[in-house]
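One structure below.
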Amino acid sequence: MPKRLLLTIATTLSLPGCDNRIVTTATTHEHNPMPLAATGVYAHDMINLEGNATSLPAGHVTLIVNVASQCGYTPQYRDLQTLHDTYADRGFAVIGFPCNDFGSQEPGDAAAITACATGLDASFMLMDKVHVKAGPNQSPLYRDLSQATGVLPKWNFGKYLVNREGVAVAFFGSSVGPMDPELTGEIETLLDRPR
């Protein structure tokens, strides 16, 4: 193997944020009609970044992302907004969950997080900070996402795709961009499914 290729592979494997995993579950393309009430991950009550109780958007296809303001992947906010805007009229939403678990790259308060998102032209829904990593402080939402897919983010900007019934059907690692054709293809498949 050429020396240059070996160095590239070794460098990629040593960076914690270089997570290019794409994991899909067996339910991704199945259609099991369920009532569009709050089921699965949509049954979780959440607190938004402003401190208000809110619900996740039952009946939507949703991309749940653990975001951070001081990460090399922070520019993904722009593409996440583009993704949100592209499919919003078809029942799609991006929801960001600020998280300081990885490299302490989300140390700020709600005002700092909002300023970062606004500075990157992002206006999709942001929730209160959560803990993503397994342990006693882990968000119940992330516990359920992990159980459904068998995967937890290794870094900031891990992306869970959730169907209209609240079932997590795929995970896309940090280095899989929001406009990656595999991700947009999965979104379109879920949006095209009959209700």
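The values are calculated or read from the model by the stated rules, or taken from the named source; none is laboratory data. Keep in mind it's a predicted model, so treat the numbers as computed, not measured. All Cβ positions, even for glycine, are placed from backbone atoms using ideal geometry, and neighbour counts span all protein chains on display.
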message = Of the conditions (1) exposed (fewer than 13 other Cβ atoms within 10 Å of the Cβ); (2) at negative phi; (3) touching a residue at least 24 places away in the same chain (Cβ under 8 Å), G150 satisfies every one except a single condition; which number is it?
response = (2)
key: Unique residue being assigned to a strand (DSSP E or B) and not aromatic (F, W, Y) when the list is G103, G96   = G96
ask   = So E106 fits all but one of (1) under 23 Å from N20 (Cβ atoms); (2) of a type outside the set (A, V, I, L, M); (3) in contact (Cβ under 8 Å) with a residue 60 or more places away in the chain; what number is the exception?
value = (3)
ask   = Looking at A88, is it out of contact with any helix residue (DSSP H, G or I) (no Cβ under 6 Å at 6 or more places or on another chain), assigned to a strand (DSSP E or B), small (G, A, S) and under 22 Å from M46 (Cα atoms)?
value = no
note = Considering region 39-78, residues that are out of contact with any Phe, Trp or Tyr (no Cβ under 9 Å at 6 or more places or on another chain), buried (at least 18 other Cβ atoms within 10 Å of the Cβ) and part of a helix (DSSP H, G or I), and then whichever is modelled with the lowest pLDDT, we arrive at G40
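Against the condition of a type in the set (A, V, I, L, M, F, W, C) and within 19 Å of M46 (Cβ to Cβ), how does L141 come out, does it pass? Explain how you work it out, then say what you get.
On the way: of a type in the set (A, V, I, L, M, F, W, C): yes; within 19 Å of M46 (Cβ to Cβ): yes.
The answer is yes for L141.
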ask   = How many of the residues in region 168-195 are in a helix (DSSP H, G or I) and buried (at least 18 other Cβ atoms within 10 Å of the Cβ)?
value = 4
task = For E165, state whether it is more than 22 Å from G185 (Cα to Cα), touching a residue at least 40 places away in the same chain (Cβ under 8 Å) and either touching a Ser or Thr at 6+ places or on another chain (Cβ under 8 Å) or surrounded by 24 or more Cβ atoms within 10 Å (Cβ to Cβ) (or both).
result = no
request  = Answer with yes or no whether A93 is modelled with pLDDT under 95, aliphatic (A, V, I, L, M) and within 13 Å of V41 (Cβ to Cβ).
outcome  = no
